[in-house]
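A quick write-up on the structure given underneath.
The values are calculated or read from the model by the stated rules, or taken from the named source; none is laboratory data. The model shown is predicted, which means the values in this text are computed figures rather than measured ones. Virtual Cβ from ideal backbone geometry, glycine too; neighbours counted across all protein chains shown. In case anyone asks, the SASA skips ligands and DNA or RNA and just uses the protein heavy atoms, side chains included. Shrake-Rupley method; radii C 1.70, N 1.55, O 1.52, S 1.80 Å.
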Amino acid sequence: MAEKTEQNQKKKVSRTAVKKVKDKWKAKQWYTVRAPPMYNAVAIAETLADETDKLIGRVAEATLQDLTGDFSKMHIKVSFKVAAVRGNECATKFAGHELTSDYIRRLTRRKHSKIDAVVDVTTKDGFQFRVKPMAVTERRAQHTQEQEIRRLAVTILQGAAAEREHAAFIRDVVNGELGQVIFREARKVYPLKRVEIRKSEVTGEPQAYFETVDLFAAPPQPEPAPEAAAPAEAPPAEGEAVEPAPAAEEEQL
């Protein structure tokens with residue numbers, strides 16, 4: 001009899017444990033994770049949580065193609081970190097970006113030099129980033145040439161960050177604008193095949209910024225282009241006959 005009572009008690013404990021697990025899942029809700037306003041606050045993921053505090057700090061990834069619709073940017077992965085929750089919506093902030101490994105492998109071939117660098121920069125509004133540019137040469141480069149290309153990349157990235165606020169710096173890094181600037185300058189040292197910013201990450205941010213900014217604000221709308229004014233008629237040249245304007249037709253009685 002004692003053995004049967006022990007078995008019954010174990011069964012009761014296991015059943016209550018199962019009920020508790022089911023109750024935890026029932027308590028969870030779906031939340032929509034949205035990109036920052038700089039990427040039009042598009043929905044990038046959905047996640048489950050039973051408490052909103054557990055959502056803060058979660059990381060969601062999306063390709064730049066998902067954010068902009070540009071098919072040529074599918075090799076760029078962008079990471080966003082949840083920073084605020086309102087209702088069933090999660091607002092995020094930029095955490096970093098990275099090129100896919102297969103894209104990097106396609107760029108690097110035999111008899112080419114791959115020049116990597118790690119650059120720590122600070123933007124105009126106090127955000128700190130670690131940026132990792134990559135240059136691929138047309139042929140094997142010498143050590144001194146690699147050093148000069150690496151020095152140019154560091155100088156250009158640090159100067160660009162000091163002149164830009166964090167949103168503009170992120171856009172130029174992720175879209176490849178700063179990679180093109182490095183390419184144009186570094187190819188004067190040695191022929192280059194490609195320059196890419198293969199990875200970036202946020203290493204520091206001013207807390208005062210997020211105390212004043214609304215992460216749920218609507219994305220900025222582009223200003224409409226001004227209407228083109230009608231071209232003014234040129235005045236008649238000196239001595240040129242001027243045709244009289246046609247007279248209005250008289251009303252018939």
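Assorted remarks:
- Condition broken by VAL121, with the remaining ones in (1) crowded, with 19+ Cβ neighbours inside 10 Å; (2) at pLDDT 95 or above; (3) farther than 13 Å from PHE169 by Cβ satisfied: (3)
- Residue within region 135-155 that is of a type outside the set (Lys, Arg), touching a His at 6+ places or on another chain (Cβ under 7 Å) and open to solvent by less than 10 Å² (accessible area, probe 1.4 Å) present: yes
- Pick from region 69-80, criterion open to solvent by 50 Å² or more (accessible area, probe 1.4 Å) and not basic (Lys, Arg), ranking: farthest from GLY179 (Cα to Cα): GLY69
- Criterion: in a helix (DSSP H, G or I), modelled with pLDDT of 90 or more and buried (at least 17 other Cβ atoms within 10 Å of the Cβ) - qualifying residue of ASP66, ASP53: ASP66
- Selection within region 81-112 - surrounded by 16 or more Cβ atoms within 10 Å (Cβ to Cβ) and at positive phi: GLY96
- Flag if ILE170 is free of Cβ contacts under 8 Å to residues at least 60 places away in the same chain and β-branched (Val, Ile, Thr): no
- Any hit, region 219-226, residues being open to solvent by less than 50 Å² (accessible area, probe 1.4 Å) and at pLDDT below 75: yes
- Some residue of region 86-94 being in a strand (DSSP E or B), out of contact with any Phe, Trp or Tyr (no Cβ under 9 Å at 6 or more places or on another chain), under 26 Å from THR63 (Cβ atoms) and touching a residue at least 60 places away in the same chain (Cβ under 8 Å): no
- Scanning region 184-202 for residues that are over 20 Å from ASP120 (Cβ atoms) and crowded, with 18+ Cβ neighbours inside 10 Å gives VAL189, TYR190, LEU192.
- Across region 18-33, a minimum of one residue is classified as of a type outside the set (Lys, Arg), open to solvent by less than 70 Å² (accessible area, probe 1.4 Å) and at pLDDT below 90.
- Where SER72 falls short, out of the listed (1) within 30 Å of PRO191 (Cβ to Cβ); (2) of a type in the set (Gly, Ala, Ser); (3) in contact with a Pro (Cβ under 9 Å, 6 or more places away or on another chain): (3)
- Only a single criterion out of (1) at pLDDT below 95; (2) closer than 30 Å to LYS111 by Cβ is not satisfied by ALA167, namely (2).
- Of the residues examined, GLU240 is one that is over 30 Å from PHE127 (Cβ atoms), open to solvent by 100 Å² or more (accessible area, probe 1.4 Å) and at pLDDT below 80.
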